[in-house]
Protein chains: 2
Amino acid sequence: MQLPDRDSLQAHLSAHIAPARALGLELVGIDPVTIAAPLGPNVNDKGTAFAGSLFSAAALAGWLQLTQWCAARTLEAQIVLQKADAQFLAPARAPFRAIARESSAQERERLAVLLARRGRGRIALAVEVSCEATLVMRLAAVYAVTLSTALTPGSAGR
Amino acid sequence: MQLPDRDSLQAHLSAHIAPARALGLELVGIDPVTIAAPLGPNVNDKGTAFAGSLFSAAALAGWLQLTQWCAARTLEAQIVLQKADAQFLAPARAPFRAIARESSAQERERLAVLLARRGRGRIALAVEVSCEATLVMRLAAVYAVTLSTALTPGSAGR
C-alpha cells in the first residue's frame, strides 16, 4: 500500500474539512506532521492569533499524524479527538505552525495490540504550536481510534 | 456605564475576530453568553463538526462572558485564554451552540480582589457545547484578566 503523500493529504483537507480551508491551514510537512497557518484569517481583536485557531491547527496536526500511522500499517480506521489539554503560553503575532510529536513506541505498540484485539483503542499525542522562534501553545491530546470494521452504523465521530 | 448589548458585541466579533466570521460564530444570547454556529463552515470529512470549531465556539463564549463581567464593573481589561481542558463527548451532526457557565461567586470575588490589588488575576470558567439535545463538548477554561492600566507595552495576548 502506498502511503498518502503531502499533496493528496492537503487536497483531502481542503476538499473535506471546511474550517481547514477557511482558516488557511496547510499541511507543509508529514514527518513530523506540520500544519502552517497565516495570521490573517486567524487574527483576533488584539492582532494576535485566536486561541481557537491555534487549537484547530494543533488538533488537525495530531489527527493527521495518526492518520499517517494507520495508513503505514494498512489500517482503515476512524480517528477522533476525545480529550485535549491546551496551554496557551504566549501570543502569536505572525504566521504559526503546529508540529505533532510522535507518541512513544510503547504507546504505539499498546494501540496496535488493542486494535488487533478489540478493533479500537486510544492513544496520547503531544502537539506544539510555534510562532517564529516562540512556543505559543502546547496540546496534550487523546485520540480514539476505531477500525472501520469495528464501526457500528451511526457511530461516526468528529 | 452602559453594558454592551448583543448587537454591538456581535458587530465587534464580526469586525475584529476573523475566524469568528469565517466559522459563522454568532452571539445569540448574553445572559448566559451563547454562541451559535452552523454546521456548514465547520464540517469535517465525517460530516460532523470539527473539534477545533467546537473549541473555538466555546473559547469565544467564555471570553465574552468575562468581557461582560468586566464591563458590568466598568473594568477595562484584557482577557486571554491561558489553559483549557476539553472533553469531546459526542459528534455534532447539526448546528451547535456553546453556553458559558458563570464562575462561582467565590471565584468572581477572588478575581475582583486580585484586580483591585494587583491589576491582574485568573479565573476558571466552564463552557458547554450542545448539538440538538446532546452535550457534545465540555470545556474547563482558565482566563487571565489584566487591567489595561496594568498592561506593559508589548504584553498583549491572545
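The values are calculated or read from the model by the stated rules, or taken from the named source; none is laboratory data. For clarity, every value in this text was computed on a predicted model and none was experimentally measured. Cβ coordinates were reconstructed from backbone atoms using ideal geometry, including for glycine residues, and neighbour counts include every protein chain displayed.
For region A:67-81, how many residues meet the condition of being within 14 Å of another protein chain (Cβ to nearest Cβ) and surrounded by fewer than 17 Cβ atoms within 10 Å (Cβ to Cβ)?
So the answer is 1.
State yes or no: is B:Ala98 in contact with a helix residue (DSSP H, G or I) (Cβ under 9 Å, 6 or more places away or on another chain) and not in a loop (DSSP other than H, G, I, E, B)?
Values: in contact with a helix residue (DSSP H, G or I) (Cβ under 9 Å, 6 or more places away or on another chain): yes; not in a loop (DSSP other than H, G, I, E, B): yes.
When the stated conditions are applied, B:Ala98 passes them.
Which of the residues spanning region B:78-95 are without any contact (Cβ under 8 Å) to a residue 60 or more places away in the chain and assigned to a strand (DSSP E or B)?
Initially, region B:78-95 is screened for residues without any contact (Cβ under 8 Å) to a residue 60 or more places away in the chain, giving B:83-95.
Of everything in region B:78-95, those that are without any contact (Cβ under 8 Å) to a residue 60 or more places away in the chain and assigned to a strand (DSSP E or B) turn out to be B:Lys83, B:Ala84, B:Asp85, B:Ala86, B:Gln87, B:Phe88.
Could you tell me which residue of region B:28-66 is farthest from the other protein chains (Cβ to nearest Cβ), considering only residues that are over 19 Å from B:Ala140 (Cα atoms) and buried (at least 22 other Cβ atoms within 10 Å of the Cβ)?
Checking each candidate, the answer is B:Ala37.
Quick test of your reading of the structure: B:Arg97 fulfils all but one of (1) under 21 Å from B:Leu60 (Cβ atoms); (2) in contact with a strand residue (DSSP E or B) (Cβ under 6 Å, 6 or more places away or on another chain); (3) modelled with pLDDT under 95; (4) not polar (S, T, N, Q). Name the failing condition by number.
For B:Arg97, the failing item is (3).
Condition test on A:Pro19, is it facing chain B (nearest Cβ under 7 Å), buried (at least 18 other Cβ atoms within 10 Å of the Cβ) and either within 19 Å of B:Ala49 (Cβ to Cβ) or in contact with a His (Cβ under 8 Å, 6 or more places away or on another chain) (or both)? Don't jump to the end; show me each part of the working.
Details: facing chain B (nearest Cβ under 7 Å): yes; buried (at least 18 other Cβ atoms within 10 Å of the Cβ): yes; either within 19 Å of B:Ala49 (Cβ to Cβ) or in contact with a His (Cβ under 8 Å, 6 or more places away or on another chain) (or both): yes.
So A:Pro19 passes the test.
Which condition breaks for B:Gly24 when tested against (1) farther than 21 Å from A:Gly24 by Cα; (2) at pLDDT 95 or above?
Result: B:Gly24 fails condition (1) only.
Consider region A:82-96. How many of its residues are away from every other protein chain (no Cβ under 13 Å) and crowded, with 22+ Cβ neighbours inside 10 Å?
0
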